[in-house]
Each structure stands twice: as C-alpha cells, then as structure tokens.
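The values are calculated or read from the model by the stated rules, or taken from the named source; none is laboratory data. Being a predicted model, the structure only gives us computed values, none of them experimental. Neighbour counts run over all protein chains shown; Cβ positions are idealised from the backbone, glycine included.
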Amino acid sequence: MSAIAEMSPKNYELIAKDDDGELLEVSMGPHHPSTHGVFRMDVVLDGERIVKLKPVFGYLHRNHEKIGEGTSYLGSMPYTDRLDYFCSLTNNWAYALSVEKLAGLQVPERAEYIRVITAELTRLQNHACLMGFLVQDMGASGTPLMYAFREREKILDLFESLTGARMMCNYMRFGGCRVDLPAGWLAQAQKVVDEFPKFIDEFENLLAGNEILMARTQNIGTLSRELAINSGVTGPMLRAAGVNYDLRKVDHYGIYDRFQFRVPLGDHGDTYDRYMIRVLEMRESVKILEQALKGIPAGPIIDPKAKLRGFRPKAGEAYGRIEAPKGELGFYLISDGSPNPYRYRVRPPSFINLTILEDMCAGQLIADVVIILGSVDIVLGEVDR
Amino acid sequence: MVGEGIIKGMAETARNFLGSYVSDERLTTVQYPEERDVLPEATRQFPFLVYDGNDPMAGLRCVACQICEKECPPKCICIEKSKDKKPDYVGKPQIYPAKFDIDLSVCMSCQICVEVCPFEAIKMDTEYELSTTDRFGGLLVDKHQLAKPNSHFHQIHPTDANEVDERLAAEKAKFEAKTKADAEAKAKAAAEARAKAASSQTPPVSA
C-alpha cells in the first residue's frame, strides 16, 4: 500500500503496485462530456475500481472575487448571475441579503414575497434539470432530460417576462427588487405551479421505479452523516445523508417562517437518496409557491432609502447566506466605506460539496464516478468563480 | 416484478409520443428560424440611444454625463464629450456625446446603464440576431448605429416608453413654466426698474 500512498497522480501513467498487477492513472476531463463543464478528475484505477481520485478545478476561473473588489456594489450584481448560471435569482438574493445586512436596509413585504416566489421557481427548475442530467449521465440519453427542459422552459419564460432575461436575470436590488411584477404574471405563475406536480408525477412514473436506475444508484457513492457534517457539505446532499439542516428553517432569513413546508430527509446517503431528495424538495417548493402566490400583498417593492448611484455602506462586515438549490450560498463582504467592497468572498455550495468526491468514489467503479459526480450537482461557474 | 418500472416508464414515453399527435401542448419545440416566439415586453438584449424628432444626431437625449460609462460593470461604453453645446428636449443648451461607442462583444446585457441614466437616453433593444463575421469591428457600434427613434422604443417596450414620455413631458412642462415664470419675473423687474427710473426722472411735485 505504501506505493499507492506515495504516488502523485500525473497523466496516463502505469504505476507498479506492491503485489501483482498495475494501477492505471487516467485523466478524466476537462473536456469529458460527463463532467458538467470544464472539470478534471485525476483517477487512479485498479482494474475498474477507483483507488484514488483528485478533483482538479480552476479551468473556468474568472477572477470573480477580485472583480467584485474593483467594481461598485451594484456592479457586482450582474456578475453574481454568472456564478451558478442555473440559479441566477438565488445568487442575486444571497448577494442582496449580505449588502442589506451591511447597509441596514429593510426589504418591503411585497419584495420579500417576490424573492421567495422567484427563488422557489429557481429551485424547481434547478432540481428538474439536475434529475435530467443525472439520468443522462447514466446513459438514458435524451428523453428524461428533454422532459426536464420542457418544464424548465416554462419557468424561464416566467423569468424572462419578469426580469427581461432567461438566465442572467440581474433582478434583485439592495433593499428590494428592480421592477414590479408585470400584469398577469401572477396568474401565469399560478398556472405553471399548478401544472408542475403533474410533471413530477410523470417523471416519477418514468424513472423512480426503474430497475436499471435503482441498480445503478442504490448503495453507490454512500456519504455518511458524520463525514457530511465534518466536511461542511450543505443542501440536498447533506439532507440526503439524513441531517436535518435547511437554512430556510434554521436561519429564518426572508419570510420563510410564514410558510408551511417540511424538510425531506434521506436515509442512506447514496446516489438514489440524493436523486429522490430532489423530487421531494420540488414537491415542498410547490407547496411554498402556492402559499406565496396566494399571500402576496400590494405595496412598494424597494426600500426608499436604497439608492442606485453613489451607494456607500458604512464600514463594517456582513455575511448573508441563503439556502440556494445546491446548498448554502453565502457572500461575505467587508466595507471600508468606499463605493466598492474591501473584501468580497463567495461561499459557493457546489465547490464545498465537491471536496468529498474522493471519499464517495473510493472503491466504486469508474462508470459510477460519473453518476456520483452528477448527483453532487455542480455548476462549474460557481466552483471555479 | 422485475421490469415493471421499465414498462411503466415506457408507457409514459409512449403517452408523450402519441400525445404529440393530438395535443399542441406536447409539441414544445419551436422551429427557429422559420418560427419565432413572441418575446415578452421586458426582454432586453443590448442598449441603444433614444432620439426625439427626425434628426438622429440633433435629437439624441444623451448629454454625455458619462454616468453609464462609469457604472458599466464590464466597461464596454466609451464616451467623449463635445466641445460645443446643443439644445436638449426642453431647449436648454447641453453638451452632447462627440463619440459614444459600445462594444457589444463585451456588453453583458445587465441593464445597469439604463437604470442609472438620469436622462432616459439609453434603453435596451430586443434585437438578438447580431452575428457577424467581423470579430472586432463588427460588434463595436458607434452613436450613429446606436441612435434609434423614440417610436422604436414605443414599439418594443410600450408600457415603459409611455411612462418615460409622461415623465419627460412633466419635466418639460415644469421647465417651461419655470422659464416662463423667470421671464415674467425678469420682465416685471425690468418694468419696475423702468418705472422707477421714469419716476426718478420726473421732477418731484412740490406743494
């Protein structure tokens, strides 16, 4: 075993093992279609089993945090869209939340409701897509992903008519939202929300009982509760391991206290649990959406104290975090009283969830690495920043 | 039974496939470019400059204040101020942009320039078919290409445009009222001064 412990992965090398046989080192990615972007894994294989796995990232590094220190507070808002480009509205919310903490702005009631509605719609489309991608990784090419994208399209249409863009929404502002809901938007959203459980049922019929899917995912990539907590994993991955931790319940941010919903928990922490937890979370999101669409009040959508130009919060620091679809998304800001932050730090959920990839993959087959990675739900825009 | 789940899934696929022959709702693909979806009113792509009247260069609302240039996160706007002045929509003489370039290959359609503009001069266009073979010059547009009439703004964002027009009309009315009041006050002051001067010229009538 000493030879294995000492070797450092290079590319495509045969490494002699102590006993008979050889280890093969394979570089998976960054252009491998299953790695969800430009992500590379240095994998050391014994036959088809994983001995060692080293995630290599940084291929999509764009200096996000350093740019954030150079631009104004408002100027960073469109850049947050590009972190996790599936969930731009939750990214906006997390950033707006931390700046609001820094500057002491109060968000009006209607804006809070709009934020909840858009965030939960984001969660719906993110989870729908993730399920599609995960099944695609298992080899069911096309059909499930296409159904997921069909539903996503309806939600993106809602985003476009509200914010003007399908993915790069740039919608939240410090102290509220940019524009009010256009006429007829709530009815349109209600229609999408009413029809969404039908899609979840359809998807469950299509796949949840599928023997091939169960054989591929059950007892694969098990993540223990202790390891999940110790390594700082958050979001659906943590809950699939059976830890009851949801920032919407724990942190009481926004107005989530007003809604009745449950936090679904997994039991085994394997890939199947991580898949099913998304299905259950979507059902809970639909419940939140129904309550929010019913309860949304009239009123202003932005704090009158908030201003766009010449925004200079007083010196101090703030950390705002929300339960993004992928886990805890936090923004840490230090202000020195100037128009741009002194320090701007992002705590991206999928980056931290990715750090335990080796522990989940050790001893598994190389074909399963692809689906374990898929079930982590990473977006490289957020991992590399 | 092993295989039950697969059969159930296949039934779902079959329902979708056969359903696409009877229900339009299941036909979700838009055959672009033969078909085009109607875009929602809020859609934004890239900025353009609004002008009033018929002459694009004379009617530009932009006064080259350079706020958008400063606030633009990717810094894709380049403005040079003019040396002389021209009258704006209310008739006040204002500086105008001698040069106003936007590099669309850098622009990320965030709309911050629109939000920070105090003169309603820059708005978002909905044109999205902008591909070009010229990588550098083709997407660098100057003020002549950017200038579009107010009627175009009305066409693409009617609600927004009406609000803006009302606001500008109110401002103009206020400005005109003020200039009128100023002129009246000036005329009155002048008349008073004249009257005073006249009265001082006439010799005092002594009893």
Restricting attention to helices (runs of 4 or more DSSP H) lying wholly within the stretch A:201-243, give those where 1 or more residues are among the acidic types (Asp, Glu) and in the same structural domain as residue A:136 (by TED's automatic domain parsing).
A:211-217, A:225-230
Search the stretch A:260-283 for residues being of a type in the set (D, E, K, R) and touching a residue at least 24 places away in the same chain (Cβ under 8 Å), and hand back the single one that is surrounded by the fewest Cβ atoms within 10 Å (Cβ to Cβ).
A:267
On the basis of being within 30 Å of residue B:9 (Cβ to Cβ), among the small types (Gly, Ala, Ser) and touching a Gly at 6+ places or on another chain (Cβ under 8 Å), does residue A:240 make the cut?
yes
Given the condition closer than 20 Å to residue A:90 by Cα, without any contact (Cβ under 8 Å) to a residue 12 or more places away in the chain, of a type outside the set (Gly, Ala, Ser) and more than 14 Å from every other protein chain (Cβ to nearest Cβ), answer yes or no: does some residue in the stretch A:216-232 qualify?
no
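Only residues that are surrounded by 13 or more Cβ atoms within 10 Å (Cβ to Cβ) and free of Cβ contacts under 8 Å to residues at least 60 places away in the same chain: list them for the stretch B:81-95, please. Break it down stepwise before answering.
Quick first cut of the stretch B:81-95, residues surrounded by 13 or more Cβ atoms within 10 Å (Cβ to Cβ) only: B:81-82, B:86, B:88-90, B:94-95.
Within the stretch B:81-95, B:81, B:82, B:86, B:88, B:94, B:95 qualify.
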Between a first residue in the stretch A:309-335 that is outside the structural domain of residue A:98 (by TED's automatic domain parsing) and under 19 Å from residue A:84 (Cα atoms) and a second residue that is assigned to a loop (DSSP other than H, G, I, E, B) and at pLDDT below 90, which pairs have beta carbons less than 9 Å apart while being 6 or more apart in sequence or on different chains?
none
What are the pairs, 6+ residues apart or on separate chains, where a residue within the stretch A:289-305 that is modelled with pLDDT of 85 or more and in a helix (DSSP H, G or I) has its Cβ under 8 Å from a residue that is surrounded by 13 or more Cβ atoms within 10 Å (Cβ to Cβ) and among the polar types (S, T, N, Q)?
A:293/A:190
Assigned by TED's automatic domain parsing to the domain that holds residue A:160 and either modelled with pLDDT of 85 or more or crowded, with 17+ Cβ neighbours inside 10 Å (or both): is that true of residue A:68 in this structure?
yes
Of all residues in the stretch B:8-46 being basic (Lys, Arg) and surrounded by 12 or more Cβ atoms within 10 Å (Cβ to Cβ), the one that is modelled with the lowest pLDDT
B:26
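I'd like to know if the stretch A:333-340 contains one or more residues that are over 13 Å from the mean Cα position of the chain (by Cα) and of a type in the set (Asp, Glu). Steps first, please.
Residues of the stretch A:333-340 over 13 Å from the mean Cα position of the chain (by Cα): A:333-340.
Applying the additional criterion that residues be of a type in the set (Asp, Glu) yields A:336.
Yes, that holds for at least one residue.
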Of these, A:160, A:195, A:226, which one is buried (at least 17 other Cβ atoms within 10 Å of the Cβ) and either closer than 30 Å to residue A:99 by Cα or of a type in the set (Asp, Glu) (or both)?
A:160
Would you pick out the residues in the stretch A:241-258 that are surrounded by fewer than 18 Cβ atoms within 10 Å (Cβ to Cβ), in contact (Cβ under 8 Å) with a residue 40 or more places away in the chain and not charged (D, E, K, R)?
A:255
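Among the residues of the stretch A:252-273, is there at least one that is within 14 Å of chain B (Cβ to nearest Cβ) and over 19 Å from the mean Cα position of the chain (by Cα)? Working first, answer last.
The initial filter retains those residues of the stretch A:252-273 that are within 14 Å of chain B (Cβ to nearest Cβ), namely A:272.
Filter once more, so that each one left must be over 19 Å from the mean Cα position of the chain (by Cα): none.
No, the stretch A:252-273 contains no residue that is within 14 Å of chain B (Cβ to nearest Cβ) and over 19 Å from the mean Cα position of the chain (by Cα).
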Filter the stretch A:66-86 down to the residues that are closer than 16 Å to residue A:165 by Cα and among the aliphatic types (A, V, I, L, M), then identify the one that is farthest from the other protein chains (Cβ to nearest Cβ).
A:83
The condition from (1) more than 12 Å from chain A (Cβ to nearest Cβ); (2) without any contact (Cβ under 8 Å) to a residue 12 or more places away in the chain that residue B:52 misses is numbered (2)
Testing residue B:98 on (1) in a strand (DSSP E or B); (2) among the small types (Gly, Ala, Ser); (3) surrounded by 15 or more Cβ atoms within 10 Å (Cβ to Cβ), one condition comes back false. Which one is that?
(3)
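Of the residues that sit in the stretch B:1-16 and are assigned to a helix (DSSP H, G or I) and over 16 Å from residue A:203 (Cβ atoms), which one is nearest to the chain's Cα centre (by Cα)?
Keep residues of the stretch B:1-16 that are assigned to a helix (DSSP H, G or I), which gives B:4-16.
Filter again for over 16 Å from residue A:203 (Cβ atoms), leaving B:4, B:7.
Numbers: B:4: 59, B:7: 56 Å.
The extreme case among them is B:7.
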Checking residue B:57 against (1) surrounded by 17 or more Cβ atoms within 10 Å (Cβ to Cβ); (2) outside any strand (DSSP E or B); (3) more than 14 Å from chain A (Cβ to nearest Cβ), which test does it fail?
(1)
